[in-house]
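*Asks:* Encoded as structure tokens, here's the structure I'll be asking about.
The values are calculated or read from the model by the stated rules, or taken from the named source; none is laboratory data. All figures in this text were calculated on a predicted structure; none of them were measured in a lab. Methodologically, a virtual Cβ is constructed for each residue, glycine included, from the backbone with ideal geometry; neighbour enumeration extends over all protein chains shown. Heavy atoms of the whole protein, side chains included, go into the accessibility calculation; ligands, DNA and RNA do not. Shrake-Rupley method; radii C 1.70, N 1.55, O 1.52, S 1.80 Å.
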Amino acid sequence: MSQNSKEKGKISWQSPSNIALIKYWGKHGNQLSCNPSLSMSLNSSVTITSLSYNYKDKDKNIDLEFLFDGKRTPLFEKRIGNYLNNLLKEYPFLAEYHLIIDSSNTFPHSSGIASSASAFSALALCIMSLKKICLRDMDQKEFFQEASNLARLGSGSASRSVYGGYTIWGKVEGARSYSDEYACPLKSAIHPVFQTFYDAILIVSGENKKVGSSAGHSLMEKHPYAKSRYQQAMNHTMEMLHVLETGDLDRFIKIVENEALTLHGLMMSSDPGYILIKSETIEIIERIRKYRQTQKIPVTFTLDAGPNVHILYPESYRKEVIKFIEDELVELCDEGQWIDDSIGRGPQMLNIQ
Ligand code: DP6
């Protein structure tokens, strides 16, 4: 056991899911994105993970029990086990302990919300806290940068969940502060209208995806539109930085909707092509656009890699938009389910023993 290490203890972190405004779709090398992506961290859709560690001895293997909602889950255990094994060279202390990871989400399991972003960011933060105990102390900036890098190795979008507010993952032309290895909070000032934004997540279907994100990303490798897509994402990111600073809601809506529909257009035009949206997804989009036009309320939508619709809107229209959802959209949701979420402040350490 290294000098500073403790024999046993428990670390818990809560970390949010995020919704990408500029999408990461296509990767290369060791979990590097082909274009920059920009997201908003959520407030109430979070994963809570605790890492219990108990000294065993220094053999070479990870010794892990993984529980989801308190129950042992072999499928996740294998994925997390592989992830930790790949980290051993840089984090050898992980093999010194018997590890129990216990994870749960605040959003329903059947909601179709991608949990890999919140799950891997929460786990990466626990590993970083253990590193601080076993190896050395570090400042906040280094801690979160390294946590973001670690989270990225588990799931690309997770790199953006270690911060609150708006974050960018990937180098951006003309902006030196962003990196391909880890995400960063936006460096520019955010206009007040975007500081208190809301995200209503309409659950169209909670079914498992027919084509997972990893398979989808790899279909980009031979995609005929890949090159222009990556350039488009770069242009959108640069423009979005300006939009978030100036509060230009019209441009915001145009870029966000274009990104969502481009993502699904890329899936449909892959080889093989596939469709994740459902007829209800399209009906919801049509109704949002009609409502925006007739009511002159700046409400917009985005989509993840699935059929659910994220409705994004400023705080000042909260009452109207909730009424619109309840009167016109809930009937299109699976069992009427929707999640009332908003921009969040990022992860929180819950406990360290
Ligand atoms: C459509 O981060 O789930 O949500 O790195 O393979 O785990 P892996 O992929 P993942 O991809 C997310 C894709 C997306 C867009 C986004 O969040 O940027």
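*Asks:* Could you calculate the contour length gain from K60 to E142, that is, 0.36 nm times the residue separation minus the distance between their Cα atoms, to one decimal place in nm?
*Replies:* 26.8 nm
*Asks:* Run a plain Debye calculation on the stretch 1-112 (Cα atoms as equal point scatterers, no solvent) and give log10 I(q)/I(0) at q = 0.24 Å⁻¹, rounded to two decimals, same order as the q list.
*Replies:* -1.28
*Asks:* Can you compute 3J(HN,Hα) from phi for each residue in the stretch 314-331, using the Karplus curve 6.51 cos²θ - 1.76 cosθ + 1.60 with θ = phi - 60°, rounded to whole Hz and x for Gly and Pro?
*Replies:* x, 4, 5, 10, 4, 4, 4, 5, 4, 5, 4, 4, 5, 7, 10, 10, 4, 5
*Asks:* Rounded to the nearest whole Å³, what is the per residue volume of the convex hull around the Cα atoms of the stretch 130-271?
*Replies:* Taking the convex hull of the Cα positions in the stretch 130-271, it is 161 Å³ per residue.
*Asks:* Right, here's the next one. Taking R0 as 30 Å, what's the FRET efficiency between S228 and E77 from their Cβ-Cβ distance, rounded to 0.05?
*Replies:* Using R0 = 30 Å, I get an efficiency of 0.15.
*Asks:* Hey, what did the stretch 1-151 get for relative contact order, percent, Cα under 8 Å, at least 6 apart?
*Replies:* For the stretch 1-151, the relative contact order is 30 percent.
*Asks:* Grab every C-alpha pair in the stretch 198-241, bin the distances at 5 angstrom width from 0 up to the longest one, and report whole percents.
*Replies:* 5, 15, 14, 15, 18, 22, 11, 0
*Asks:* With axes computed from alpha carbons, what is the tilt in degrees of helix 116-134 against the longest principal axis of the chain, rounded to the nearest 10 within 0 to 90?
*Replies:* The helix 116-134 is inclined about 30 degrees to the chain.
*Asks:* With springs connecting C-alpha atoms under 10 Å apart, model the chain as a Gaussian network and identify which of G247, G70, G26 has the largest mean-square fluctuation.
*Replies:* In the Gaussian network model the winner is G70.
*Asks:* Please report the Cα spread of the stretch 154-229 along all three principal axes, rounded to whole Å, starting with the longest.
*Replies:* Between the extreme Cα coordinates on each principal axis of the stretch 154-229 lie 39, 32, 25 Å.
*Asks:* Given springs between every Cα pair under 10 Å in a Gaussian network model of the chain, which of Q293, Q231, Q145 has the largest fluctuation?
*Replies:* Of the options given, Q293 has the highest mean-square fluctuation.
*Asks:* From the C-alpha gyration tensor of the chain, pull out the three semi-axes of the equivalent ellipsoid (sqrt of 5λ each), sorted largest to smallest, in whole Å.
*Replies:* The equivalent ellipsoid of the chain has semi-axes of 35, 21, 20 Å.
*Asks:* Name the aspartates and glutamates eligible as straight-distance cross-link partners of K131: C-alpha to C-alpha under 16 Å, and not fewer than 8 places from it in the same chain.
*Replies:* Output for K131: E7, E90, E96, D139, E142, E146.
*Asks:* May I pose another question? For the chain, which whole percent of the accessible surface, found with a 1.4 angstrom probe, sits on carbon and sulfur atoms?
*Replies:* 49 percent
*Asks:* With r as the distance between the Cβ atoms of E245 and R176 and R0 = 22 Å, compute the FRET efficiency 1/(1 + (r/R0)^6) and round to 0.05.
*Replies:* Approximately 0.80, to the nearest 0.05.
*Asks:* Whole Å is fine, so just give me how far the alpha carbon centre of the stretch 238-267 lies from that of the stretch 140-218.
*Replies:* Cα centroid of the stretch 238-267 versus Cα centroid of the stretch 140-218: 15 Å apart.
*Asks:* Same structure, new question: So between K6 and E90, what do we pick up on full extension, going 0.36 nm a residue minus the alpha carbon distance?
*Replies:* 28.3 nm
*Asks:* A follow-up question, please. Please express the Cα-Cα pair-distance distribution P(r) of the stretch 54-165 as a list of whole percents, one per 10 Å bin, running from 0 to the bin with the greatest distance.
*Replies:* 14, 46, 34, 7, 0
*Asks:* Mind jotting down the three principal axis lengths of the stretch 206-353 based on Cα atoms? Whole angstrom, largest first.
*Replies:* Largest to smallest, the principal-axis extents are 52, 45, 36 Å.
*Asks:* If you don't mind, another one. In whole Å, how far is the Cα centre of the stretch 31-66 from that of the stretch 322-342?
*Replies:* If we compute the Cα centre of each part, the gap is 31 Å.
*Asks:* Let me ask you something else. Test of understanding: in a Gaussian network model of the chain with alpha carbons linked when under 10 Å, which of D271, D341, D59 would top the mean-square fluctuation ranking?
*Replies:* Residue with maximal mean-square fluctuation among D271, D341, D59: D59.
*Asks:* Counting only DSSP beta bridges with both residues in the chain, tell me the antiparallel percent, nearest 5.
*Replies:* 90 percent
*Asks:* In the stretch 231-337, how many lysine pairs have Cα atoms under 21 Å apart, counting only pairs 8 or more places apart or on different chains?
*Replies:* Eligible lysine pairs with Cα atoms under 21 Å apart amount to 7.
*Asks:* Nearest 10 degrees is fine. How inclined is helix 74-87 to the longest principal axis of the chain, computing both from alpha carbons?
*Replies:* 70 degrees
*Asks:* Further question: Angle check, please: helix 279-295 long axis (alpha carbons) against the longest principal axis of the chain (alpha carbons), in degrees 0 to 90, nearest 10.
*Replies:* Helix 279-295 sits roughly 60 degrees off the main axis of the chain.
*Asks:* Straight-line reach only, C-alpha to C-alpha below 22 angstrom: list the lysines that K27 could link to, leaving out same-chain residues fewer than 8 apart.
*Replies:* List returned: K171, K209, K210, K222, K227.
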